[in-house]
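Note sheet for the following structure.
The values are calculated or read from the model by the stated rules, or taken from the named source; none is laboratory data. Computed from a predicted model, the values in this text were never measured in an experiment. Cβ coordinates were reconstructed from backbone atoms using ideal geometry, including for glycine residues, and neighbour counts include every protein chain displayed. For accessibility, only protein heavy atoms count, side chains too; no ligands or nucleic acids. Shrake-Rupley method; radii C 1.70, N 1.55, O 1.52, S 1.80 Å.
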Amino acid sequence: MSDLLTKRTVPPAVLEVVKGLQDGGFRAFLVGGCVRDMLRAQPPKDFDVASSARPEDVQRLFKKVIPTGIEHGTVTVVLRGEHVEVTTFRSEADYVDGRRPSKVEFHEDIEVDLGRRDFTMNAIAWDPNTGELVDPFGGQKDLALRTVRCVRDAMERFTEDGLRPLRAVRFATVLDFTLEPLTEAAIPKTLPVFRKVAVERINQEFVKLLLAPSVTKGLTLLASTGLLGEFLPEAAQADFEAVGRAARDEVIRMAVLLFGQPQPREVMIRLKFPNKTADDAAALVLRAPLPPAEPSDPQLRRWLSKVEAQRAPALLAVHEARGSLPAGFRARVEALLATNPPLTTKQLALDGKGLMDALGTGPSPAIGHATRHLLELVLDDPSLNTREGLLTALKAWKPPS
Ligand code: ATP
Ligand code: MG
């Protein structure tokens, strides 16, 4: 398996940093996600270096070093424009309330560093110069078994850091692995620790799970382990299969997951989604009702006007995923949109100023009434949307008294 580990996959700047540390008399390895991904024959997203060198040693050995997280032992070496993160071998101590450790201790030994990591597949170190592979917890075996297994005792790992249960489910989902039975069994028992985790950290892991091809499996696991009930009880009855059928898009998948919820925006803001993501997903949920079956063209235009035409493709995608899109409806919408009908007051052939001139008045409620009236007319008959057509229509219009 380890013939998958080849220097050719590693960026030259990363190799140079490892070599520089070793030439300086320190031990240095690639660790974590990059080694895991190389062993899975997948391109790593980023390359993390772990070393016996202390931050001040790294600062001495390289010209440009940014003190990214110096108190936790992490610095960033900048080499020919590339950023390479180097973290000192460390153990973690004094977990406060299942959150991040309040104290780290530096070590000379890679095994100690691997022992503080979450899952066996994330606790493998590889020296690209000597080819040495350090895998004290059977990470390669678990990769072959496609299993997410905690390093050592699952109950202990999950009690130290309440985010880890969610990471376990996230990795099982993204990699399409299964949870090792003791790892899975420890999740319901450590939910009180999970409750203390910062929502920002939960969001990061949850979004990765949400966008994975195996999201249905991930949501099912979240529900069965009790995690979902802790941070997103609103989704307990959601259609997980439908989420899996939806495009891998945050807005669309959240809209399918929160379908039928009365306050989708509030739920998403609570979960620390960006405002725009929350607004867009909530708009899809709240504007989901479709027009009557076999709508007339005016009915269809009114519906598009109400949902806002630019949201129509996403809304169709939501209904398609849920299996609630009537046959032929997509074709009707697309054909109608292709004619580019006026659907908003902005698209009227007469603007506010034209209206005021025609009515001989300044800004007033009457202008708003007239605008709405004209939009209703062109929603019924788009061919009326010319300057002349609208001026003629205005002559027959009386402001409401
Ligand atoms: P991804 O490909 O999703 O980035 P990753 O394995 O690189 O996966 P990161 O969150 O970037 O995950 O973390 C890098 C490494 O740090 C992990 O592989 C793991 O060894 C360790 N790690 C990260 N978070 C934790 C945690 N909460 N508890 C223990 N170890 C962790
Ligand atoms: Mg990573």
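Points worth noting:
Here is a yes/no grid of residues against (1) outside any loop (DSSP other than H, G, I, E, B); (2) under 21 Å from residue 147 (Cα atoms):
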residue: 29; (1), (2): yes, no
residue: 42; (1), (2): no, yes
residue: 50; (1), (2): yes, no
residue: 53; (1), (2): no, no
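- Residue list for segment 49-58, restricted to those being touching a strand residue (DSSP E or B) at 6+ places or on another chain (Cβ under 6 Å) and more than 14 Å from ligand 2 (Cβ to nearest atom): 51, 54, 55, 58
- Residue list for segment 360-395, filter: open to solvent by 90 Å² or more (accessible area, probe 1.4 Å) and not in a helix (DSSP H, G or I): 363
- Count of segment 332-381 residues, restricted to those that are more than 12 Å from residue 300 (Cα to Cα) and under 40 Å from the mean Cα position of the chain (by Cα), is 12.
- Test: residue in segment 117-126 that is surrounded by 15 or more Cβ atoms within 10 Å (Cβ to Cβ), more than 14 Å from ligand 1 (Cβ to nearest atom) and assigned to a strand (DSSP E or B): no
- Failed condition for residue 15, given (1) away from ligand 1 (no atom under 16 Å from the Cβ); (2) of a type in the set (A, V, I, L, M); (3) in a loop (DSSP other than H, G, I, E, B); (4) surrounded by fewer than 21 Cβ atoms within 10 Å (Cβ to Cβ): (3)
- From the list 174, 169, the lone residue that is at pLDDT 95 or above, closer than 14 Å to residue 214 by Cα and surrounded by fewer than 24 Cβ atoms within 10 Å (Cβ to Cβ) is 174.
- Test: residue in segment 111-122 that is away from ligand 2 (no atom under 16 Å from the Cβ) and under 22 Å from residue 178 (Cβ atoms): yes
- Single residue of 322, 253 found to be open to solvent by 70 Å² or more (accessible area, probe 1.4 Å) and closer than 22 Å to residue 222 by Cα: 322
- Selected residue (only one of 191, 179, 133 is surrounded by 16 or more Cβ atoms within 10 Å (Cβ to Cβ) and in the same structural domain as residue 48 (by TED's automatic domain parsing)): 133
- Lone unmet requirement of (1) within 16 Å of ligand 2 (Cβ to nearest atom); (2) assigned to a strand (DSSP E or B) for residue 46: (2)
- Close Cβ contacts (under 7 Å, 6 or more residues apart or on different chains) running from residues in segment 24-36 that are under 10 Å from residue 124 (Cα atoms) to residues that are assigned to a loop (DSSP other than H, G, I, E, B) and within 9 Å of ligand 2 (Cβ to nearest atom) comprise 33/44; 33/45; 34/44; 34/46.
- Residues that are open to solvent by less than 70 Å² (accessible area, probe 1.4 Å) and within 16 Å of ligand 1 (Cβ to nearest atom), drawn from segment 53-74: 69, 73, 74
- Residues within segment 21-36 that are open to solvent by less than 20 Å² (accessible area, probe 1.4 Å), away from ligand 2 (no atom under 16 Å from the Cβ) and among the small types (Gly, Ala, Ser), tallied: 1
- Taken over segment 83-100, the criterion of being of a type outside the set (Lys, Arg) and at pLDDT below 95 is satisfied by 91, 92, 93, 94, 95, 96, 97, 98.
- The residue that is farthest from residue 343 (Cα to Cα), among those in segment 290-299 that are over 33 Å from the mean Cα position of the chain (by Cα) and in contact (Cβ under 8 Å) with a residue 12 or more places away in the chain, is 293.
- Considering only residues in segment 29-52 that are out of contact with any His (no Cβ under 9 Å at 6 or more places or on another chain) and polar (S, T, N, Q), the one that is farthest from ligand 1 (Cβ to nearest atom) turns out to be 51.
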